[in-house]
Every structure is written in C-alpha cells, then in structure tokens.
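**Q** Before I ask anything, let me first share the structure, which is written out below as structure tokens.
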Amino acid sequence: MPQKTILVIEDEEKHRRVLGLHLSGAGYAVKAAGTAEEGWKLAGECDLVLTDLKLPGMDGLELLEKVRQQNSRTPVIVMSAFGTVEDAVEAMKRGAVDFLPKPFSLDHLSVVVEKALEVSQLRDENRELREALGQRYQFESIIGNSQAMQDIFATVTRVAPTRATVLLAGESGVGKDMIARAIHQHSPRKDRPFVKINCTAIPENLMESELFGYEKGAFTGANTSKPGKFEQADTGTVMLDEIGDVPNSVQVKLLRVLQEREFERLGSNKTMHTDVRVIAATNVDLRAALEQGTFREDLYYRLNVVPINIPSLRERKEDIPYLVRHFAEKFNGDVSEGALERLMAYHWPGNVRELENVVERSILLARGPRVEADDVKIDTAPGRTRALTASDAFLPEGMTLDQYEQSILREALKRANGNKSQAARLLGLTRNALRYRLTQMGIE
C-alpha cells in the first residue's frame, strides 16, 4: 500500500516539529507549514490535513472550507488549545472529520489519524467499485458484484425506460423494494409519484377502497370522497408488494387496470382512466397459488411480463464484503477481517436487511474503534422464527394425509399465535391459500 502523506499546519515551530516526528515515526510521510496560506499550497498533494484552528492570517476554519472545496474527499482534522464546544461543532459542520482539543496525547493522535484515513480509504474503494461496475449498475445504494446481481442490473437497465409490467420474486429482505425504486428512478416517470402498496397490511374489506378510492356515502363512515392509490400514482409507478395476498374479488379489478387502464371508485359508476406503471413483488411461489386456485391465471400472466428473481444473500455470498463495507461507511464504522469472516460464515435467513441491522448493531456496541469478531452480534436464539419442516409434525403410524396436513396447519397457527398472515409465511403459502385450506378442512 502506498505511503500516506499528512500535512501538519501549526504556527508554533516546536509543536510542529513534535507532531511531524511522531507521525514520521508512525510510518507516514509528513509535510509541514507554519501558516494556512503555506499549507493551502501543499494540501492537494496530501492524504490528510492536520491543522491548528488559530493561525496568523487565514484561520483553520477558512482553510478547511478551501480544502473541502478543492477536494471534498480529503479528511481534515482540526486542533486547538482554545477550543470550545462551539468551535468543535462549527468545525464538524464545515466538514472536519474530527476535532482535537490541546493538549492531547500522541497516542490519541495516532488513533484519530488512522481512523480518518481508514474511513477515507473505505469511501474511495466504494466509489471505485461503483465506477468499475459502470454507470448502468449505479442504482443508488444497491450493492452487488456477483454475476446474479449484475444480470439483474442489466435487466433493470433494459426494462426501466419502457412501461412493461415487472414481477419481482425473492425472499423477504433481498431488496425487492430497492429494485422497484431503481426501475422507477431510471424510467421517464422518475419525476412522477412512486406509490408502494403493502397488500398484506390492508384488511380485505378495505383493499378495494384503498386501491381504487371511494365516493362519499359509499359505506358507513365515508363522509367525503377519497382517491385511491392508483389515482395518486397517475403518470407514475405503483408497487404492489406481496401481490399474492390480494383477494380474488380485487384480483379481477387489478386485471382490468392492467388490461384497460381503467377502474371505478367504490360507490361510483363513473369510469376513471389511469396511466400507471405496475411493479408487483412476492416472496411466495405464485405458480403454486395458481394450482391451488387462490390466484388468477390471467392476472399472473399480465403481471409476469418481465420476471426478475432476486437471489437470497446465501446464494451470493461474494456480495457480503461489499455490502459490509457499504453499511460500515453508512454507520461511520470499520469492520475487521475477523469480523468479516464471521459475517461470511452466517446463512442470513433475513438476507440484506438482516445484514444491515447486524452491522449497525455491531458498530454501536463495538468495544474498540473497529468491529472485531467478538463484537459481531447475530440473533441465533433457538426461538427465532423459521420455516416448518416435516420433522416438526412427525406422524404416528396410521395417520391419513388429511390428518397430517391438518396437524401442520394447526402447528403453524399455534406458532403464529393465530395470525394467519404469519402462519402462511411459515408454510410458504399466500394468506388466501392458507384460508382456502382452513375452510376446506373446517378449521376455525
């Protein structure tokens, strides 16, 4: 690794010499200046600037602003013997990475300098990674260097400028929401509304009115008219998250919106037209729902114009180091190689969302300046929700298939405390598919 160069700007010669000797002894190349004007001429050649606040002529804050304007990536540390809380706050507001009140120990200085340079290097590496992936892969904070993710980015690039309907499939936490927003942001509709609808969170009896709106007096409590999500998203994009949970009665109306671009508000005979791009997302197998009769075949094929299957994190572990660096920079921390090895070894049932939470928690609770292996806190408690397997409901000899299935359904409901949506997720079913099975078997 090339030797890092540090610029020391200190008007007191003795202090300047002590700082220079210490940093040189720590392995850095050192340049020194007695005034901000002299330092300004050298700043462009250095990897970090260490400047006093009170200087003859231009002061440290003015120099800080000039350095930030010239190269916003160069870290600047401000030090002062007369520093106040207000000075520290002002320095940080103007872009300083740290503030050192004098006197300070040389060991403390070493830690601060090393930390600032490491954070700067992480930012540079992240920027270089994005540049290496090319402009077509720069989808905001989506990180993915694996072939699977590069293929997805390429598909998004091709489909975003069109109005084609997209069906995103993948486990919870893989980033379906971020891919949907990337499609919207790289489309001609980017300046228009992006409306996300969580189909699981809307009760069945309210879903139609939420999607398509209602007129005054349409039902008890409808004291005014209200536009639905499709009206709000007109000329923009609608994301239907967990599309498999939409009841059959609403599926018919969704099909009409996709085919005819029209609908009626609840309680109205007036046909309304809408220009929306639809992106649907699911974490269950819709083909299985077709076989069970809980999802319309014609709607499925209308949604499945451009399918994008997002792999789980355990299927693309080569992306984990890049994601960890990204999250570490986001939360102003650093992760050691040992900690990264531990993160790489985990199977991540919660995918990217869980990884982000673990990195943030580990940085907050780390005992030192960087996250070590022992600082990594992963929730592996035995009671953690997991998918059911056949061994969870071992059957005594002579039990029928219907009895076997009933035992599995009852066990899922028991684990979910009666919550049908959660029980359906445990079983890998849609909520409608679970409800259908419960009705067929007479289970309350």
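**Q** Taking only pairs six or more apart or across chains, which ones have beta-carbon atoms under 9 Å, a first residue in the stretch 222-233 that is without any contact (Cβ under 8 Å) to a residue 12 or more places away in the chain, and a second residue that is in a loop (DSSP other than H, G, I, E, B) and not basic (K, R)?
**A** Close Cβ pairs satisfying both conditions: N223/G217.
**Q** Follow-up. Return yes when A328 is not in a strand (DSSP E or B) and not acidic (D, E) and no when it is not.
**A** yes
**Q** Could you list all residues from the stretch 249-287 that are closer than 22 Å to E204 by Cβ, part of a strand (DSSP E or B) and over 32 Å from the mean Cα position of the chain (by Cα)?
**A** F263, E264, L266
**Q** Separate question: Is it the case, given these coordinates, that D375 is within 21 Å of V113 (Cβ to Cβ), modelled with pLDDT of 90 or more and of a type outside the set (S, T, N, Q)?
**A** no
**Q** Does R370 qualify as being closer than 23 Å to G293 by Cβ and either exposed (fewer than 12 other Cβ atoms within 10 Å of the Cβ) or at pLDDT 80 or above (or both)?
**A** It is false that R370 is closer than 23 Å to G293 by Cβ and either exposed (fewer than 12 other Cβ atoms within 10 Å of the Cβ) or at pLDDT 80 or above (or both).
**Q** Counting just the residues of the stretch 160-196 that are part of a helix (DSSP H, G or I) and either of a type in the set (D, E, K, R) or not assigned by TED's automatic domain parsing to the domain that holds T237 (or both), which one comes out nearest to T282 (Cα to Cα)?
**A** For the stretch 160-196, the residue satisfying everything is K176.
**Q** Let me ask something else about it. When L63 is evaluated against the numbered criteria (1) of a type outside the set (D, E, K, R); (2) assigned to a helix (DSSP H, G or I); (3) without any contact (Cβ under 8 Å) to a residue 24 or more places away in the chain, which criterion, by number, is the only one it fails?
**A** (3)
**Q** Out of all the residues in the stretch 2-19, which are closer than 18 Å to D47 by Cβ and free of Cβ contacts under 8 Å to residues at least 40 places away in the same chain?
**A** Hits for the stretch 2-19 are P2, Q3.
**Q** Let me ask something else. Would it be correct to say that A182 is touching an Asp or Glu at 6+ places or on another chain (Cβ under 8 Å) and more than 14 Å from V278 (Cα to Cα)?
**A** So A182 fails the test.
**Q** Of all the residues that make up the stretch 292-313, how many are assigned to a helix (DSSP H, G or I) and under 17 Å from the mean Cα position of the chain (by Cα)?
**A** Qualifying residue count for the region: 1.
**Q** For the stretch 197-224, what are the residues that are acidic (D, E) and either in contact with an Asp or Glu (Cβ under 7 Å, 6 or more places away or on another chain) or not in a helix (DSSP H, G or I) (or both)?
**A** Within the stretch 197-224, E215 is the sole residue that qualifies.
**Q** Inside the stretch 87-97, can you point out the residues that are surrounded by fewer than 18 Cβ atoms within 10 Å (Cβ to Cβ) and not in a loop (DSSP other than H, G, I, E, B)?
**A** Answer for the stretch 87-97, where residues must be surrounded by fewer than 18 Cβ atoms within 10 Å (Cβ to Cβ) and not in a loop (DSSP other than H, G, I, E, B): V89, E90, M92, K93.
**Q** For the list (1) modelled with pLDDT of 90 or more; (2) surrounded by fewer than 14 Cβ atoms within 10 Å (Cβ to Cβ); (3) not in a helix (DSSP H, G or I), I need the number of the one condition that V78 fails.
**A** (2)
Residues checked against (1) of a type outside the set (V, I, T); (2) within 30 Å of V97 (Cα to Cα):
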| residue | (1), (2) |
| --- | --- |
| V238 | no, no |
| G267 | yes, no |
| T271 | no, no |
| R342 | yes, yes |
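**Q** Just the residues that are farther than 25 Å from T237 by Cβ and of a type outside the set (D, E), please, taken from the stretch 288-311.
**A** Across the stretch 288-311, the qualifying residues are A288, L290, Q292, G293, T294.
The values are calculated or read from the model by the stated rules, or taken from the named source; none is laboratory data. Quick caveat, the model's predicted, so the values are computed rather than measured. As a convention, Cβ positions derive from the backbone with ideal geometry for all residues, glycine included, and neighbour counts pool all protein chains shown.
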